[in-house]
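The next block holds one structure in the form of structure tokens; read it before the comments.
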Amino acid sequence: MSPIIVLTIIIALAYVFQIILGMRQLKHFNEVYHELRQKGRVAIGRRSGKIKSGTIVMFAIDSSGIILDARKMQGVTVGAHFKELPQYVNQDLHYLDHYHPTVRQENKLTQIAIEDARNVFLTIDAGTYTERRQQNLIADTKNNIKLLVTHLKSQVTKQ
């Protein structure tokens, strides 16, 4: 068999394996979310990682903002799972910022994710939350190419 065919098969298998592991991680996320949702509202904060590890924190909170349960998932690969954060149970989410002594003990990525969860919770609680448009590089590039083609066609028809 040709080395190119073997390499193509290996890459395809790795891609399928990555998809399967990603689906398992998503299933784990949904299970943890459902478990926390049974306890109360859930505040989710994230710090997405491109090269560094990504971090997601989820807090189950009661009606007054007291944390009933806390979980964190941090890692670069799809093998990352949620771990409990017992130090945040019975804390008030309103006061978890980068000045809070418990938050200061966490690494920088976790601090950012916790502060994101707090900020999203506060804006939703205040009723001022608006959905942020996600950057989609492929769609943006596709639109830019369409604009360029339209512009070039208009330039050609003018001459």
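Modelled with pLDDT of 90 or more and part of a loop (DSSP other than H, G, I, E, B): does that describe ASN30?
When the stated conditions are applied, ASN30 does not pass them.
Search the stretch 64-79 for residues being within 14 Å of the chain's Cα centre (by Cα) and modelled with pLDDT under 85, and hand back the single one that is nearest to LYS108 (Cα to Cα).
So, considering only residues that are within 14 Å of the chain's Cα centre (by Cα) and modelled with pLDDT under 85, the one nearest to LYS108 (Cα to Cα) is GLY75.
Return the residues of the stretch 33-43 that are out of contact with any helix residue (DSSP H, G or I) (no Cβ under 6 Å at 6 or more places or on another chain) and part of a strand (DSSP E or B); say none if nothing qualifies.
The answer is ARG41, and nothing else.
Out of (1) surrounded by fewer than 17 Cβ atoms within 10 Å (Cβ to Cβ); (2) of a type in the set (Ser, Thr, Tyr); (3) under 13 Å from the mean Cα position of the chain (by Cα), the odd one out for THR55 is which?
Answer for THR55: the failing condition is (1).
Considering each residue of the stretch 104-120, count those that are surrounded by 14 or more Cβ atoms within 10 Å (Cβ to Cβ) and farther than 20 Å from ARG41 by Cβ, and give that number.
So the answer is 5.
Return a yes/no flag: does the stretch 1-10 have any residue that is at pLDDT 90 or above and touching a Gly at 6+ places or on another chain (Cβ under 8 Å).
no
Against the conditions (1) under 17 Å from the mean Cα position of the chain (by Cα); (2) surrounded by 13 or more Cβ atoms within 10 Å (Cβ to Cβ); (3) within 19 Å of GLU106 (Cβ to Cβ), where does ILE61 fall short? Just the number, please.
Unmet for ILE61, out of (1) under 17 Å from the mean Cα position of the chain (by Cα); (2) surrounded by 13 or more Cβ atoms within 10 Å (Cβ to Cβ); (3) within 19 Å of GLU106 (Cβ to Cβ): (1).
Tell me, yes or no, whether the stretch 83-102 has at least one residue that is closer than 30 Å to GLN18 by Cβ, modelled with pLDDT of 90 or more and either buried (at least 20 other Cβ atoms within 10 Å of the Cβ) or touching a Pro at 6+ places or on another chain (Cβ under 9 Å) (or both).
Yes: one or more hits.
Among ALA80, ALA126, ALA14, which is on the phi < 0 side of the Ramachandran plot and buried (at least 16 other Cβ atoms within 10 Å of the Cβ)?
Exactly one of ALA80, ALA126, ALA14 is on the phi < 0 side of the Ramachandran plot and buried (at least 16 other Cβ atoms within 10 Å of the Cβ), namely ALA80.
Here is a list: VAL103, VAL32. Which entry is touching a strand residue (DSSP E or B) at 6+ places or on another chain (Cβ under 9 Å) and among the β-branched types (Val, Ile, Thr)?
Unique residue meeting the criteria: VAL32.
All but one of (1) farther than 14 Å from ALA117 by Cα; (2) under 15 Å from the mean Cα position of the chain (by Cα) hold for LYS39; which doesn't?
Result: LYS39 fails condition (2) only.
Just to verify a result, which residue in the stretch 103-118, among those that are of a type in the set (S, T, N, Q) and part of a loop (DSSP other than H, G, I, E, B), is modelled with the highest pLDDT?
GLN105
Among the residues of the stretch 119-141, is there at least one that is among the hydrophobic types (A, V, I, L, M, F, W, C), at pLDDT below 90, under 15 Å from the mean Cα position of the chain (by Cα) and part of a helix (DSSP H, G or I)?
Within the stretch 119-141 (the criterion being among the hydrophobic types (A, V, I, L, M, F, W, C), at pLDDT below 90, under 15 Å from the mean Cα position of the chain (by Cα) and part of a helix (DSSP H, G or I)), the answer is yes, since at least one residue qualifies.
The values are calculated or read from the model by the stated rules, or taken from the named source; none is laboratory data. Since the model is a prediction, treat every value here as computed from it, not as a measurement. Don't worry about glycine lacking a Cβ; one is built from the backbone with ideal geometry, like all the others, and counts go over all protein chains shown.
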